[in-house]
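The values are calculated or read from the model by the stated rules, or taken from the named source; none is laboratory data. Everything quoted here is computed from the prediction, not taken from an experiment. Positions of Cβ are generated from backbone atoms using ideal geometry, with glycine treated the same way; all protein chains shown enter the neighbour counts.
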Amino acid sequence: MNPRQDNLITVVDAGSSKICVLVAELQDGVLRYRGHGIERAQGMRKGLIAELGPAAEAINRAALTAERMARGDIENVVVGIGGTHVRGVNSRGGISMGSRMREITREEVRAAVDRARSVALPTDREVLHLLPQEFILDDQAGIHDPIGMVGNKLEVNLHLSTCSSGMAQSVVTCANRGGLEVSDMIYEGLASAESVLTADERELGVCLADIGASTTELAVYFEGSIAHTAVLPIGGDHFTNDLAVGLHVSVDEAEELKRIYGNCVVTAVPQVSEIEIGSKLTTGSLSGESQPSRMVRQRLLAEILEPRARELFTMLRDNLRQGGVLEALGAGCVLTGGGAKLAGLLDNAESLLRVPARVGSPVPLSRMPSELAQPEFAAAVGMLLYTHRTQVRRANEEQGLRAKLKAIFAGSY
């Protein structure tokens, strides 16, 4: 194998509308784009795998395309996990180190995190991420890295991102059937946040809402750490289906109408504006003939879309309030994902959340095509960045451990 392949990082974003396989390489400390493959999703329903065979075939086709572009073999991949089965929970725990003051080492940090993570979870759930929010050393809160400090009681506020064991295994099995070996799993809301949020937004408090085809994944940051995660059962397809039913057109035509003429603010559309609909083949038509076209008011689309947008952000607001983070959005709300491109969504977000909102696109990798720097690829790009950052942290920890062991053995002679 080409030795350069050891530096490849490959991620798989398997959503309800598309399968994206994205490949990058680590070269001279820089993450560079190598290739990608995109296929229309098959065997997926509401963000979950409904049929293993078609879903595995779509993943395999996307992976083969990515391999050809990257000119290298794809072996291990990191997969994204999303859907309403993903849930977050906060926990607190810690350790006491006796009456004498001691220096905090990595072992004490791990012990405190292990104590905090020992919460009772249902047998069908597994932990995706352990995300420390803050450490408390001798009742002094707000510490992000206590290693090297001195104290005798260390506690940690921890956020656990959990998922259904069965759903996670289905994703792994599907990737395996597609010829790929899964090395890690990442909550897609966390990945999207990695690629679109700024450091200032994380510090001031921000809600990242990744609006996918079937669900909206949330990740709230405050004072630089994750504070809340959740998944809402509304996505871009719900807007499309509302149009298909309300206008009596096919789902494909409804999607096109939403993309070109859709707006979630009724008053933003001129009353006199009209558009032609019904000129495309209807899905499931036995005759295969085109339906007679007709003219409708463009405002009718907004009258259908606006209630769904208000429902989405009302649900989002209620979820943040229940999680105790609604008042922590100093930097507002960032929308990403393919559904975020619908006109008027920002107005609804600002109106119902009463905070500023923007659409977030992923930070482009070196040499990455411009068409991938779009909101719908935020999760895939974010998975690369998250994986790279995790690998760097682990490498630094291993290097530090080797240096410590070397010093210990050197001192014994």
*Please go through the stretch 84-104 and pick out each residue that is modelled with pLDDT of 90 or more and part of a loop (DSSP other than H, G, I, E, B).*
Thr84, His85, Val86, Ile104
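Of everything in the stretch 128-165 that's without any contact (Cβ under 8 Å) to a residue 40 or more places away in the chain and in contact with a helix residue (DSSP H, G or I) (Cβ under 8 Å, 6 or more places away or on another chain), which residue is farthest from Ser183 (Cα to Cα)?
Top of the filtered list is Phe135.
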*Among the residues of the stretch 187-213, how many are crowded, with 24+ Cβ neighbours inside 10 Å and polar (S, T, N, Q)?*
2
_Residue check for His85: under 25 Å from Ser225 (Cα atoms), in contact (Cβ under 8 Å) with a residue 24 or more places away in the chain and within 22 Å of the chain's Cα centre (by Cα)_ = yes
*Search result, residues across the stretch 191-220 that are among the charged types (D, E, K, R) and more than 16 Å from Arg358 (Cβ to Cβ)*: Glu194, Glu203, Glu217
_Residues (farther than 14 Å from Ala230 by Cβ and free of Cβ contacts under 8 Å to residues at least 24 places away in the same chain) located in the stretch 308-337_ = Glu327
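With respect to Ala209, is the statement that it is assigned to a loop (DSSP other than H, G, I, E, B), touching a residue at least 24 places away in the same chain (Cβ under 8 Å) and under 19 Å from Asn348 (Cα atoms) true?
No, not satisfied.
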*Quick check, is Gly82 in contact with a strand residue (DSSP E or B) (Cβ under 9 Å, 6 or more places away or on another chain) and either farther than 30 Å from Arg40 by Cβ or aromatic (Phe, Trp, Tyr) (or both)?*
no
_Out of everything in the stretch 359-413 that is among the acidic types (Asp, Glu) and at pLDDT below 90, what residue ends up being farthest from Leu130 (Cα to Cα)?_
Glu398
*From Val113, Val79, Val119, residue being hydrophobic (A, V, I, L, M, F, W, C), under 30 Å from Ala380 (Cα atoms) and not in a strand (DSSP E or B)*: Val113
